[in-house]
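Enquirer: Handing you this structure, nothing more for now.
Taken together, the values in this text are just the output of simple stated rules run on the coordinates, not laboratory data. All of these numbers come straight from a predicted model, not from anything done at the bench. Neighbour counts are summed over all protein chains in view; Cβ atoms, including those assigned to glycine, are modelled from backbone coordinates with ideal geometry.
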Amino acid sequence: MKKKFYIVLILCLLMTFSVGCAQITIKRGDIDTGFTKSDYSKFKNKKSVTFKFDLDKNTKYDLEISNDCGNVEVLPSNSDQLEVYGEVHYTDKKDISENYEFIKCHVDDKLASIKANREKYKTNDFIVNLKVLVPEQDFAKVNIDTSNDEIVINSFNCDEFYLDTRNGTLNMKESKIANSDINISNGSVDLKDSNFTDIVINTSNSEIALNNTEFVNLEGNTSNGSIEVNDVSNFAEKMILGNSNGPINIDLSNVENDIKLNLLGLDSINCKANINEGKYKLDEASGELSKIEANNDSEHTLIGEIGTSNGDITIK
């Protein structure tokens with residue numbers, strides 16, 4: 001019986017689990033997808049694809065981008081056109097024509113759609129790296145669905161932004177977005193020099209970082225990684241941050257309004273509060289953090305809940 005148990009145990013340890021075309025290794029809050037540009041060598045064939053579309057400057061288009069096993073870049077264009085550049089890597093093990101429609105693009109009077117064409121071939125047959133250059137105009141609703149690589153978004157404006165990715169990362173800067181819902185499994189979120197009204201971020205096994213990024217309402221959740229919210233502006237009204245197995249660090253030095261934040265998890269021996277005691281006071285019983293000197297002239301109060309386990313909460 002014991003011999004059988006050890007055989008089963010050894011087999012389990014030797015098993016390699018994969019998600020899509022990426023192998024997942026979680027270690028210290030980081031993720032190794034096992035899928036990098038060097039792996040593209042297994043795809044013997046390569047081609048470039050280009051699309052260009054005219055957009056009505058007076059129309060707020062919806063934008064949909066769907067990709068897998070390849071990165072996505074959304075960058076500003078130097079022209080008035082929507083430009084799509086695809087770098088396609090495809091296998092020589094199947095009879096795949098160079099003229100196959102690897103990327104499907106469609107633009108009408110309301111929607112611009114860009115998708116990897118998976119009608120006939122799967123991710124082990126070809127992958128696409130997408131670069132989408134957008135003209136200087138606002139968009140309405142944006143949906144990006146991808147996996148196993150990086151999403152880079154620079155200088156982009158829209159009313160609604162929805163991102164769903166697996167085993168990827170998001171790097172966004174210099175963008176202006178009203179409502180945003182970001183969902184990433186096993187990947188980091190890094191926002192810089194941007195502006196949001198309402199933003200929700202859900203990820204795991206990696207960090208969330210906001211730097212010089214304004215928001216009115218923020219909700220962020222992760223595990224096995226840190227949460228860093230720096231340069232919180234005076235426009236912030238609500239902040240809810242949740243973490244497990246990682247610290248939370250918040251810089252409130254630019255907030256002139258009153259602050260009422262509930263710090264959760266402080267009763268655990270693995271979580272303690274580090275605060276600027278010259279500026280804030282902490283009610284040990286309730287966990288409420290507030291300013292020592294109240295600002296009676298403030299228009300509103302920054303409220304919220306900050307909670308973690310196996311990590312400290314630092315407020316400066």
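Enquirer: Taking only the alpha-carbon positions of the chain and ignoring solvent, what does the Debye formula give for the base-10 log of I(q)/I(0) at q = 0.07, 0.10, 0.12 Å⁻¹?
Expert: -0.36, -0.67, -0.88
Enquirer: Evaluate the Debye formula for segment 89-165 with equal point scatterers sitting on the alpha carbons, no solvent, and hand back log10 of I(q)/I(0) at q = 0.21 Å⁻¹, in q order, two decimals.
Expert: -1.10
Enquirer: With contacts defined as alpha carbon pairs under 8 Å and 6 or more residues apart, what's the relative contact order of the chain in percent?
Expert: Details: 857 pairs, mean separation 38.6, N = 316.
Relative contact order for the chain comes out at 12 percent.
Enquirer: Within 10 Å of each residue's Cβ, count the other Cβ atoms and sort 177, 103, 313, 269 from fewest upward. Write down the numbers at each step before the final one.
Expert: Details: 177 23, 103 19, 313 27, 269 6.
Arranged by neighbour count, lowest to highest, 177, 103, 313, 269 become 269, 103, 177, 313.
Enquirer: Within the set 93/141; 46/120; 42/115; 60/104; 57/122, which residue pairs have Cα atoms separated by over 28 Å? Intermediate values should be presented prior to the final figure.
Expert: On the way: 93/141 39 Å; 46/120 18 Å; 42/115 23 Å; 60/104 21 Å; 57/122 36 Å.
Beyond 28 Å: 93/141; 57/122.
Enquirer: Here's a follow-up. Skipping prolines and chain starts, which residues have an amide H placed within reach, meaning under 5 Å, of the one on residue 263, given they are 5 or more residues away or on another chain?
Expert: 288, 289, 306
Enquirer: Another one. Mind listing the long-range amide H neighbours of residue 220? Cut-off is under 5 Å, sequence gap 5 or more, other chains count too, H placed in the peptide plane at 1.01 Å from N.
Expert: Amide H to amide H, under 5 Å and 5 or more residues apart or across chains, residue 220 pairs with 201, 240, 241, 242.
Enquirer: Additional query: From zero up to wherever the largest Cα-Cα distance of segment 223-272 sits, split into 5 Å bins and tell me the percent of pairs in each.
Expert: Values per bin, smallest distances first: 5, 17, 27, 25, 15, 10, 2.
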